[in-house]
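Report on the following structure.
No lab work stands behind these numbers, since they all come straight from the coordinates. No experiment lies behind these values; they were computed from the predicted model shown. Backbone-built Cβ (ideal geometry, glycine too); neighbour counts: all protein chains shown.
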Amino acid sequence: MNESGTNAGKLSDVQIKELIHTAIGQLAYSYTPYSDFRVGAALLAKNGKIYGGCNIENAAYTPTNCAERTAFFKAVSEGVREFEAICIVGGKDGILSKYTSPCGVCRQVMMEFCSPEDFQIILAVSEEDYQICQLKELLPMGFGPGNLA
Ligand code: THU
């Protein structure tokens, strides 16, 4: 709990490791015959459920879906719209050697459903090597639902 009595922004070590473990597990499902760049994601909803996602490529290239959006669309298609954090891992042939940062389109999808101040993005290479950023750091002055209100 933080000072305001919520858990916002406070991921436990156990939660972080579970998200990294789940994201790494998703690499096995990644469909990447064109880039061989495998990406796995694990999205933590506020209800405690974790949604996995992998990148899914396409021979026509542009229909390719990133791992992060796969995870978001799985959750939203099941009626879940509130999220706390996402973990992202990726690498050529599934070998993790550096952080994989979300593409601009995925950042914009995060902006649709997540608070830029509270949503945590975990970039990981292993359960021991990771960096946590907030959405507002990766998408400063983002355009979101509030702009249309
Ligand atoms: N990719 C993701 O899945 N997430 C990102 O944030 C960056 C890029 C995928 C898309 C494509 O299948 C491959 O990585 C190479 O761009």
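Explain nothing, just the number: relative contact order of the chain, from Cα pairs under 8 Å at least 6 residues apart, as a whole percent. Computed over the chain, the figure is 20 percent. Rounded to the nearest whole Hz, the Karplus-based 3J(HN,Hα) values (6.51 cos²θ - 1.76 cosθ + 1.60, θ = phi - 60°) of the stretch 84-92 follow the sequence 9, 7, 9, 10, 10, 10, x, x, 4, with x at glycine and proline. Hey, which of these cross-link pairs are over 20 Å Cα-Cα: LYS46/LYS74; LYS17/LYS49; LYS49/LYS136; LYS46/LYS98; LYS98/LYS136; LYS10/LYS74? Over 20 Å apart, Cα to Cα: LYS49/LYS136; LYS46/LYS98; LYS98/LYS136; LYS10/LYS74. Helix screen, the chain: no DSSP H segment has Cα axial length of 24 Å or more and mean Kyte-Doolittle hydropathy at least 1.0. Return the Rg/Rh value of the stretch 1-118, two decimal places, where both radii are evaluated on C-alpha atoms and Rh is the Kirkwood radius. Dividing the radius of gyration by the Kirkwood radius yields 0.98.
Candidate cross-link partners of LYS92 among the aspartates and glutamates, defined by an alpha-carbon separation under 13 Å and a same-chain spacing of 8 or more, comprise ASP36. Fewest-first ordering of MET141, MET111 by other beta carbons within 10 Å of each residue's beta carbon gives MET141, MET111. The stretch between ALA149 and GLU128, if pulled fully straight at 0.36 nm per residue, gains 3.4 nm over its current Cα-Cα span.
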